[in-house]
Amino acid sequence: GDPAHVHLGGTSNGGRAAFALMLRHGDRFATLLGVPGVFDGALDSQLKTSLAGKAVFNGVGELDAGWRANVAATHDRLVTLGLTSELHVLQGQDHILTPEFDESVFYAFWSAH
């Protein structure tokens with residue numbers, strides 16, 4: 001599809017995989033969404049090249065103590081590099097989102113980018 005209309009996302013290890021795929025093939029996607037997701041071992045130069053002009057949604061459950069610090073650090077790193085990153089702490093959620101979670105925040109992100 002048209003890379004301007006293809007959005008990449010993943011959850012947990014799928015978020016890690018989505019972030020890794022974006023590093024390798026950033027030209028194929030418009031945005032990146034991880035709930036949660038992190039860049040494992042990425043160099044700043046890789047991030048700048050792969051994410052230039054793209055928005056990243058860094059989501060993590062409020063109750064997800066195992067991932068919150070790493071997701072926040074990923075967001076801070078991207079912002080420090082001058083990249084577009086949004087940090088979303090999903091209230092009342094843990095590592096796996098509940099069926100009652102309102103997913104409209106994802107669609108709002110995608111439609112804005």
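The values are calculated or read from the model by the stated rules, or taken from the named source; none is laboratory data. Treat the numbers as computed from the prediction; the structure is a model and nothing was measured. Cβ sites come from the backbone with ideal geometry, for glycine too, and all protein chains shown count toward neighbours. The area values use the complete protein model at the heavy-atom level, side chains included, leaving out ligands, DNA and RNA. Shrake-Rupley method; radii C 1.70, N 1.55, O 1.52, S 1.80 Å.
Filter segment 86-113 down to the residues that are open to solvent by less than 70 Å² (accessible area, probe 1.4 Å), part of a loop (DSSP other than H, G, I, E, B) and in contact with a Leu (Cβ under 9 Å, 6 or more places away or on another chain) and list them by number.
Listed by number, the residues that qualify are Gly92, Gln93, His95, Leu97, Phe101.
Restricting to segment 54-70, give me the number of residues that are closer than 19 Å to Asn13 by Cβ, assigned to a loop (DSSP other than H, G, I, E, B) and open to solvent by less than 70 Å² (accessible area, probe 1.4 Å).
Summing the residues that are closer than 19 Å to Asn13 by Cβ, assigned to a loop (DSSP other than H, G, I, E, B) and open to solvent by less than 70 Å² (accessible area, probe 1.4 Å) in segment 54-70 gives 3.
Do we have any residue at all in segment 71-85 that's assigned to a loop (DSSP other than H, G, I, E, B) and at pLDDT below 95?
no
Would you pick out the residues in segment 3-47 that are of a type in the set (Val, Ile, Thr) and over 20 Å from Leu81 (Cα atoms)?
Across segment 3-47, the qualifying residues are Val6, Thr11, Val35.
Any chance segment 30-37 includes a residue that's in contact with a helix residue (DSSP H, G or I) (Cβ under 6 Å, 6 or more places away or on another chain), more than 18 Å from Pro3 (Cβ to Cβ) and assigned to a loop (DSSP other than H, G, I, E, B)?
Let us first name the residues in segment 30-37 that are in contact with a helix residue (DSSP H, G or I) (Cβ under 6 Å, 6 or more places away or on another chain), namely 30, 32, 34, 36-37.
Narrowing the set further to residues that are more than 18 Å from Pro3 (Cβ to Cβ) leaves 34, 36-37.
Checking which are assigned to a loop (DSSP other than H, G, I, E, B) leaves us with 36-37.
For segment 30-37, residues in contact with a helix residue (DSSP H, G or I) (Cβ under 6 Å, 6 or more places away or on another chain), more than 18 Å from Pro3 (Cβ to Cβ) and assigned to a loop (DSSP other than H, G, I, E, B): present.
Please count how many residues of segment 6-53 are open to solvent by 10 Å² or more (accessible area, probe 1.4 Å), more than 19 Å from Ala69 (Cα to Cα) and in contact (Cβ under 8 Å) with a residue 40 or more places away in the chain.
3
Could you list all residues from segment 72-92 that are among the small types (Gly, Ala, Ser) and touching a Phe, Trp or Tyr at 6+ places or on another chain (Cβ under 9 Å)?
Correct list: Ser85, Gly92.
Hey, among Gly59, Gly82, Gly41, Gly34, which residue is among the small types (Gly, Ala, Ser) and either touching a Lys or Arg at 6+ places or on another chain (Cβ under 6 Å) or farther than 18 Å from Ala17 by Cα (or both)?
Numbers: Gly59 fails: either touching a Lys or Arg at 6+ places or on another chain (Cβ under 6 Å) or farther than 18 Å from Ala17 by Cα (or both); Gly41 fails: either touching a Lys or Arg at 6+ places or on another chain (Cβ under 6 Å) or farther than 18 Å from Ala17 by Cα (or both); Gly34 fails: either touching a Lys or Arg at 6+ places or on another chain (Cβ under 6 Å) or farther than 18 Å from Ala17 by Cα (or both).
The match here is Gly82.
Gly15 - would you say it is in contact with a strand residue (DSSP E or B) (Cβ under 7 Å, 6 or more places away or on another chain), modelled with pLDDT under 95 and in a helix (DSSP H, G or I)?
The answer is yes for Gly15.
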